[in-house]
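Data first, discussion second: the structure below is written as structure tokens.
The values are calculated or read from the model by the stated rules, or taken from the named source; none is laboratory data. Since this is a predicted model, take the numbers as computed values, not measurements. As a convention, Cβ positions derive from the backbone with ideal geometry for all residues, glycine included, and neighbour counts pool all protein chains shown.
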Amino acid sequence: MSVAPTLRAVVAVLLGYAGATTVQPPVASNARLQLRTPGPTRVYLADAAGAPVTPPGTVAYDKGDEHHFIAPGRIEIELRPGRYRVAAERGPEHRPVSVGLDLRAGDRREIELNPARWIDMNAKGWYSADLHNHRKLEDVPTLLLAEDLNLAPTLVDWVWDDGQRAPAPVTDEPIRRIDARHVYSVLDKEVERLMEGPGAVDLLGLRSPVPFEGYRLYPPNTVFTEAARRQGGYVDAEKIVWRDTAPLVALGQIDFAGIVYNHFNRHDVEFETDRWGMIPKWRPEFETVAGMPLWAMEVYYHFLNCGFRLPASAGSASGVKAAPLGYARVYVHLEEPFSYEAWFRGLKAGRSFATNGPMLFLTVDGREPGTTVKTKPGLSLRVRLEVLSPRALERVELIERGRVVRAFREFDAPGRLAAELDVTPETDGWLAARAFEPPGRTIRFGHTSPVYVDRGTPASAAEDARFFLDWIDREARLYGASTSFRRERDRAAMLDLFARGRTVYERRAQ
């Protein structure tokens, strides 16, 4: 599928010669609003009753409580007389702007909405991506520019339970560059088999389609993850709480761990998980807005303690969920010029943090996430931590091997923390940082990938391994008793996946 017309339109907007778009044929009693934005920008327009207004001809989005459109830089909108609220956003590095309007019949009003940049992550060497993207392929170039998002795989090829929702595009251009800082791919695939199924894996950076032949319970996801790896692609566990995540991680089939995922959006938090086939929540606080992020984090810590080096990742599932593209994003620090390949190399190396709000910067003895710091017994490590947000912070925590070793609740400013402290590890392990904004209907938070610590004193992973042994045994019982397998050899293949993963955790438990 060619996107050349879309790219030409985007270039036209950037050069400033795209014409205004009129909403509807003029009516004498209506008002006319001319809206100017700094290039493609996400806009919310609602009347006095809160009903959204979406101009035709724009890239528009309506899912749940999320109603927005992309203003192309200059657009003329015809509106009935009345009161309106119009707001503009350009991703988390810009401050939202909002104005109220009182329009009378025949009014001609011109306003400019320019969300001001409060931080420039690209200038600091950090580049962002949303790894879970279900938006229309032809809209992705415009959306990347509107959201100030550097990279997005596009999951057009999507398997849902027993079938394929849409085939992969036919193309000889799997990776497409908009400009020097914006790129996307088109042959990425999500294999999502829920309820009694194993869960979902996202296959990213594919150079050719990965076919699907099977049904909800067969074949195991290793068939798809191994196919992706053979062509140099990556596998994102878009949530690390699916049924088969434990054996997939044990067998080296997962590259990235989804920590900030699509159950968190601009409007609320989705708590329903058991029905979809995720592992049980073992503490009541996981059913609260403030506690829901901790659920996946604690699973993540068990994996890290078992010795698996998993970078944190993020994805919004925009196109399916009530979130704009890039609402959840993962930032990667690059030590080379930005490109699609360089960005994924950086993420695989663990130089990342995942967020839907705060920006997190962590170093341990000057080393960034993804690297290993060598130390000796009795020596302390110097930790530097900076967290920035345009909104207030609720708390920032330094995590060592899954436990909070320092919590900050007092800040230099409501949305700023800069701190230094010394930590003296007692064993090998890892350090990471997480930050939370005050919970409301939803919650914004972020988490770094770990800095690994080599002290020369191995730590016990027995308790963490038993967590996964219990996990695997629970799911193996489910599949052993299931009546949904079409053939006994299909059941055997699924049980073999869990048995091979169990062997790995048995060794860790010892």
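Of all residues in the stretch 155-175, those being under 20 Å from the mean Cα position of the chain (by Cα), surrounded by fewer than 23 Cβ atoms within 10 Å (Cβ to Cβ) and closer than 29 Å to PRO337 by Cβ number 1. Of all the numbered requirements in (1) assigned to a strand (DSSP E or B); (2) over 28 Å from ASN262 (Cβ atoms), ALA407 misses one, and that requirement is (2).
Return the only residue of ALA257, ALA228, ALA290 being outside any loop (DSSP other than H, G, I, E, B) and out of contact with any Ser or Thr (no Cβ under 8 Å at 6 or more places or on another chain). Explain how you work it out, then say what you get.
Details: ALA257 fails: out of contact with any Ser or Thr (no Cβ under 8 Å at 6 or more places or on another chain); ALA290 fails: outside any loop (DSSP other than H, G, I, E, B).
Of the residues listed, the single one that is outside any loop (DSSP other than H, G, I, E, B) and out of contact with any Ser or Thr (no Cβ under 8 Å at 6 or more places or on another chain) is ALA228.
The stretch 423-485 holds strands (runs of 3 or more DSSP E) entirely within its bounds, and those carrying 2 or more residues that are in contact with an Asp or Glu (Cβ under 8 Å, 6 or more places away or on another chain) and closer than 30 Å to PHE411 by Cα map to 429-436, 451-454.
Yes/no per residue for (1) within 24 Å of ALA349 (Cα to Cα); (2) surrounded by fewer than 14 Cβ atoms within 10 Å (Cβ to Cβ); (3) within 22 Å of the chain's Cα centre (by Cα):
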site	(1), (2), (3)
PRO377	no, yes, no
PRO390	no, no, yes
ARG403	yes, yes, no
ALA407	no, yes, no
GLU420	no, yes, no
TRP430	yes, no, no
ARG434	yes, no, yes
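Screening the stretch 117-140 for residues that are in a helix (DSSP H, G or I) and over 24 Å from VAL191 (Cα atoms) and picking the one that is nearest to the chain's Cα centre (by Cα) gives ASN122.
Name the one entry in ARG104, ARG135 that is more than 20 Å from GLY357 (Cβ to Cβ), surrounded by fewer than 16 Cβ atoms within 10 Å (Cβ to Cβ) and either not assigned by TED's automatic domain parsing to the domain that holds VAL320 or not hydroxyl-bearing (Ser, Thr, Tyr) (or both). Quick ask: steps written out before the conclusion?
Values: ARG135 fails: surrounded by fewer than 16 Cβ atoms within 10 Å (Cβ to Cβ).
After ruling out the rest, the residue left standing is ARG104.
Restricting the stretch 72-114 to residues that are among the aliphatic types (A, V, I, L, M) and without any contact (Cβ under 8 Å) to a residue 40 or more places away in the chain, which is nearest to ASN30 (Cα to Cα)? Spell out the reasoning first.
Here is the first cut: in the stretch 72-114, the residues among the aliphatic types (A, V, I, L, M) are 75, 77, 79, 86-88, 97, 99, 101, 103, 105, 111, 113.
Checking which are without any contact (Cβ under 8 Å) to a residue 40 or more places away in the chain leaves us with 97, 99.
Working: VAL97: 25, VAL99: 20 Å.
Residue satisfying both the conditions and the ranking: VAL99.
As for the stretch 199-206, it holds at least one residue that is modelled with pLDDT of 95 or more and more than 30 Å from GLU336 (Cβ to Cβ).
Flag: GLU110 matches the condition of being exposed (fewer than 14 other Cβ atoms within 10 Å of the Cβ), outside any loop (DSSP other than H, G, I, E, B) and touching a Lys or Arg at 6+ places or on another chain (Cβ under 9 Å).
If you check ARG329, ARG395, ARG345, ARG391 for being out of contact with any strand residue (DSSP E or B) (no Cβ under 8 Å at 6 or more places or on another chain) and within 28 Å of HIS267 (Cβ to Cβ), only one passes: ARG391.
Going by the conditions given, is VAL299 modelled with pLDDT of 95 or more and either at positive phi or outside any helix (DSSP H, G or I) (or both)? Taking the combined requirement at face value, the residue does not satisfy it. Taking the stretch 71-88, which residues are surrounded by fewer than 23 Cβ atoms within 10 Å (Cβ to Cβ) and assigned to a strand (DSSP E or B)? Answer for the stretch 71-88, where residues must be surrounded by fewer than 23 Cβ atoms within 10 Å (Cβ to Cβ) and assigned to a strand (DSSP E or B): ARG74, GLU76, GLU78, LEU79, GLY82, ARG83, TYR84, ARG85, VAL86, ALA87. Note on the stretch 375-401: among residues that are part of a loop (DSSP other than H, G, I, E, B) and touching a Ser or Thr at 6+ places or on another chain (Cβ under 8 Å), the one that is nearest to LEU431 (Cα to Cα) is ARG401.
In this structure, does ARG42 turn out to be within 21 Å of the chain's Cα centre (by Cα), closer than 25 Å to LYS321 by Cβ and assigned to a strand (DSSP E or B)? Criteria met by ARG42.
Would it be correct to say that GLY57 is surrounded by fewer than 20 Cβ atoms within 10 Å (Cβ to Cβ), of a type in the set (Gly, Ala, Ser), out of contact with any Leu (no Cβ under 8 Å at 6 or more places or on another chain) and touching a residue at least 24 places away in the same chain (Cβ under 8 Å)? Working first, answer last.
On the way: surrounded by fewer than 20 Cβ atoms within 10 Å (Cβ to Cβ): yes; of a type in the set (Gly, Ala, Ser): yes; out of contact with any Leu (no Cβ under 8 Å at 6 or more places or on another chain): yes; touching a residue at least 24 places away in the same chain (Cβ under 8 Å): yes.
The answer is yes for GLY57.
The condition (being more than 29 Å from GLU93 (Cβ to Cβ) and either basic (Lys, Arg) or outside the structural domain of GLY199 (by TED's automatic domain parsing) (or both)) is satisfied by just one residue among LYS281, LYS239: LYS281. Every listed requirement among (1) touching a strand residue (DSSP E or B) at 6+ places or on another chain (Cβ under 9 Å); (2) part of a helix (DSSP H, G or I); (3) within 23 Å of ARG406 (Cα to Cα); (4) not polar (S, T, N, Q) is met by MET494 save one, (3). Within the stretch 260-282, the residues that satisfy the criterion of being assigned to a loop (DSSP other than H, G, I, E, B) and either touching a Leu at 6+ places or on another chain (Cβ under 8 Å) or closer than 17 Å to GLY199 by Cβ (or both) are TYR261, ASN262, HIS263, GLU270, GLU272, THR273, GLY277, ILE279, PRO280, LYS281.
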